[in-house]
Each structure stands twice: as structure tokens, then as C-alpha cells.
Amino acid sequence: MAKRSKAPAKAPAKRGPAAPKPLKGSAGELLTLFDFLRYAVSRFNAAKLVFAHGTTDPVAEAAFLISETLHLHPDQFESFATARVTAAEGRQILDLIERRITTRKPAAYLVNKVYMRGVPFYVDERTIVPRSFIGELLDSHFGGDEDGTSLIGDPAEVESVLDLCTGSGCLAILAAQNFPNATVDAVDISSDALAVAARNVADHGLADRLTLHRGDLFKPLGDNSYDLIITNPPYVDAEGMASLPRECRAEPKLAFDGGADGLDIVRRILDEAGRHLNPRGGLLCEIGRGRDDLEEAYPNLPLLWLDTEDSEGEVFWIAAADL
Ligand SMILES: C[S@@+](CC[C@H](N)C(=O)[O-])C[C@H]1O[C@@H](n2cnc3c(N)ncnc32)[C@H](O)[C@@H]1O
């Protein structure tokens, strides 16, 4: 019987560089960062997503997600807008776009990152996604008095800051950066939120002058007093709690719930803050939409309402001498 000879191995055909695989879900039509941006915005609009977690519109949200995937700061998006992404990068971007739509989770939770005033913070579902107007106000009203808008004298003379209801620690960290000679105390009642804050404090190398405390408002602080108290407490009223968008329902309820009129915690802060402020200090407090109710409850307090790019009358300042 004739021996069956093994068929000779077929010599591999000579090939050029492998053609990029078509992207699943895009038919390979999306090539540049701009293409992916346009696609994401169309999908986000069609899905009627809500944008309230570090970005306020679908373009910024999409640019953030695309930049994160490509390890770029969102400010770098435009520089690379016409550059092509690789097939693997494209698949990751499409996956994120899909997850943003199907889960309705804030983009920040999907990539564990949010930028506030251009500063990156780690974030996950143990704490609310930072978006307080106080970040902007620290820059616009607490940066020294060159233009006459500063509510304190020289930021270098601020020696002590308290951030009540610190969540991820974002405002405490921005304050520590704004006031380079201050020690900062930051309080939250949630140990989950404080675990995230601890990570951010370490990431920003501030453990030597920023201390986290667990407890109910001023309780863990004894008789300590401060040059400046900043706070973005829970302030959503019962009606608002009942109609939170799906994106916000991924966040801890404790971060929002301010009781029937939204002002339960704000009232407690106003009532107690005077005892924890140094004579030339002051309180900066965000309260959302409760301005009318608060002014009715405290008709004699000279609250100074501060506006930001995206808010009107949602944050007040009051000097220690007026409390
Ligand atoms: C609106 S979030 C603000 C978080 C952070 N400051 C920010 O701007 O992203 C409110 C925070 O207050 C905390 N909180 C709620 N009740 C509190 C209380 N009685 N004492 C201290 N913290 C409280 C929540 O856990 C939540 O982290």
C-alpha cells in the first residue's frame, strides 16, 4: 500500500499589514475622534439622556468619554479631533457609549473619573458625582482682591477651612489648593463617601493638611473654629426626590435628601455655624432652589447670593459677624 504522504504545509501567503477589523456596531464608518463624537451625540440625543454630572450637554459628555478612553485630558480633545482612532480604541468608545445609554449611569461612574475646575477626582457609586457651584466660586470670589470681588482678604492668610458634607472630598481638596497655608477638616456621615475622599486626598498628596472626619455635621469637631466653612449639603426637597432623573438614582440618596422642603440640613448648618467660625470668617453654602424659603425662614440674615456661570441664587455667603 502506498504510503500516504503528508500534504506539504501550505506556505503562508505573503500579506501586507493586517487590515483593521471593522468596528462592531459602526460598520467601520467611524474613523476620527470627531466621527465618534458625532455618533455619540446622535445616540445620546435619541436616548434623551440627562447631563448633570460634570458636563451639561451631550457634546461635552461625549468628548469626555472619548478623551478618557484615549487617555487624553478633555481639554486635549480639539487638538486630536481629526486624528483616527485604532480599531481597539473604537470598540472601547462604542462600548462606553452603549453603557452610558443602557445603564443611564453618569459618565463619571463608568470611567471612575470626573474633572472639577480642570482637576481630576476619582469617583464611584459610593459617593455623589462632584458638580458643586462652590468650585467655581472658590476661584471667582476667594482669590485675593485684585478686582474687588474677594470675600476674604488674602487667600494666603486663610489658616483653617472646614468642608461639611464632603462626599468625594472634591471641595476640601480644591480649598486646600486655593488656600495654600490652611489646614482643612472635612466631614461626612457616610463611611463609603469618606473611603472615596481618602483616595482623593492621597492622590492629591494632601494627607498632611487635610483631615477627614466621620459624623453628623459639626459633631465630630468639638469646639474647633475655622476661618472659612464651605458646604454643599443634601438639599433636594421631597418633590425633587420623587422625580430624580435615572442618572441621579445611581447616586447615594443620602447625598440628596434634604427633607420636606429640602432645607433640613441647611437650617442646622446655619444655626450652628456661628459657633465654629473665627470672627473674621464666613460660611459659603449651596442650597439649590430653596432661596425663597430660606429668606422667609431667616428674614434678618443678610445672605449674599452668589451667581455662577450655570446658576443664579443657589449659593449664599454670610460673614461670621452676621450669624
Ligand atoms: C450633595 S453631597 C455633596 C458632596 C460634595 N461636597 C460635593 O460637592 O460633591 C452631600 C453629602 O453630605 C453627606 N451628608 C448627608 N447628611 C449628612 C450629615 N448629617 N452630616 C454630614 N454629612 C452628611 C452625604 O453623605 C453626601 O456625601
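The values are calculated or read from the model by the stated rules, or taken from the named source; none is laboratory data. Values in this document were obtained by computation on a predicted structure and should not be read as measured data. Ideal geometry is used to build each Cβ from the backbone, glycine not excepted, and the neighbour counts take in all protein chains shown.
Numerical summary
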| read-out | value |
| --- | --- |
| Residue satisfying condition, being within 13 Å of the ligand (Cβ to nearest atom), over 18 Å from Gly118 (Cα atoms) and modelled with pLDDT of 95 or more, within set Ile189, Ile173 | Ile189 |
| Residues of the stretch 50-93 classified as touching an Asp or Glu at 6+ places or on another chain (Cβ under 7 Å) and modelled with pLDDT of 95 or more, total | 2 |
| The stretch 282-323: number of residues that are under 14 Å from Ile134 (Cα atoms), out of contact with any helix residue (DSSP H, G or I) (no Cβ under 6 Å at 6 or more places or on another chain) and among the acidic types (Asp, Glu) | 5 |
| Inter-residue pairs, beta-carbon under 9 Å, first crowded, with 17+ Cβ neighbours inside 10 Å and in the stretch 29-55, second of a type in the set (D, E, K, R) and in a strand (DSSP E or B), 6+ apart | Leu33/Arg84; Asp35/Arg84 |
| Residue under evaluation Asn200, criteria (1) closer than 19 Å to Tyr122 by Cβ; (2) near the ligand (Cβ under 9 Å from one of its atoms); (3) surrounded by 22 or more Cβ atoms within 10 Å (Cβ to Cβ), criterion not met | (2) |
| Residue match in the stretch 125-140 (condition: away from the ligand (no atom under 15 Å from the Cβ) and either surrounded by 15 or more Cβ atoms within 10 Å (Cβ to Cβ) or farther than 25 Å from Ala52 by Cα (or both)) | yes |
| Scan of the stretch 238-258 for residues that are part of a helix (DSSP H, G or I) and within 15 Å of the ligand (Cβ to nearest atom), ordered by number | Gly240, Met241, Glu247, Cys248, Arg249, Lys253, Leu254, Ala255 |
| Qualifying position, being part of a loop (DSSP other than H, G, I, E, B), more than 13 Å from the ligand (Cβ to nearest atom) and of a type outside the set (A, V, I, L, M, F, W, C), among Asp261, Asp216 | Asp261 |
| Flag for Arg291 being away from the ligand (no atom under 14 Å from the Cβ) and surrounded by 15 or more Cβ atoms within 10 Å (Cβ to Cβ) | yes |
| Residue in the stretch 96-114 that is within 16 Å of the ligand (Cβ to nearest atom), part of a helix (DSSP H, G or I), touching a His at 6+ places or on another chain (Cβ under 9 Å) and among the aromatic types (Phe, Trp, Tyr) present | yes |
| Complete set of residues in the stretch 115-166 that are assigned to a helix (DSSP H, G or I) and either in contact with a Ser or Thr (Cβ under 6 Å, 6 or more places away or on another chain) or under 28 Å from Pro74 (Cα atoms) (or both) | Ile134, Gly135, Glu136, Leu137, Leu138, Asp139, Ser140, His141 |
| Qualifying residue in the stretch 142-163 (condition: buried (at least 24 other Cβ atoms within 10 Å of the Cβ) and near the ligand (Cβ under 8 Å from one of its atoms)) | yes |
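Here is a yes/no grid of residues against (1) touching a helix residue (DSSP H, G or I) at 6+ places or on another chain (Cβ under 6 Å); (2) of a type in the set (Phe, Trp, Tyr); (3) at pLDDT below 90; (4) assigned by TED's automatic domain parsing to the domain that holds Thr231:
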position: Leu137; (1), (2), (3), (4): no, no, no, yes
position: Asp147; (1), (2), (3), (4): no, no, yes, yes
position: Ile152; (1), (2), (3), (4): no, no, yes, yes
position: Ala156; (1), (2), (3), (4): no, no, no, yes
position: Leu162; (1), (2), (3), (4): no, no, no, yes
position: Gly167; (1), (2), (3), (4): yes, no, no, yes
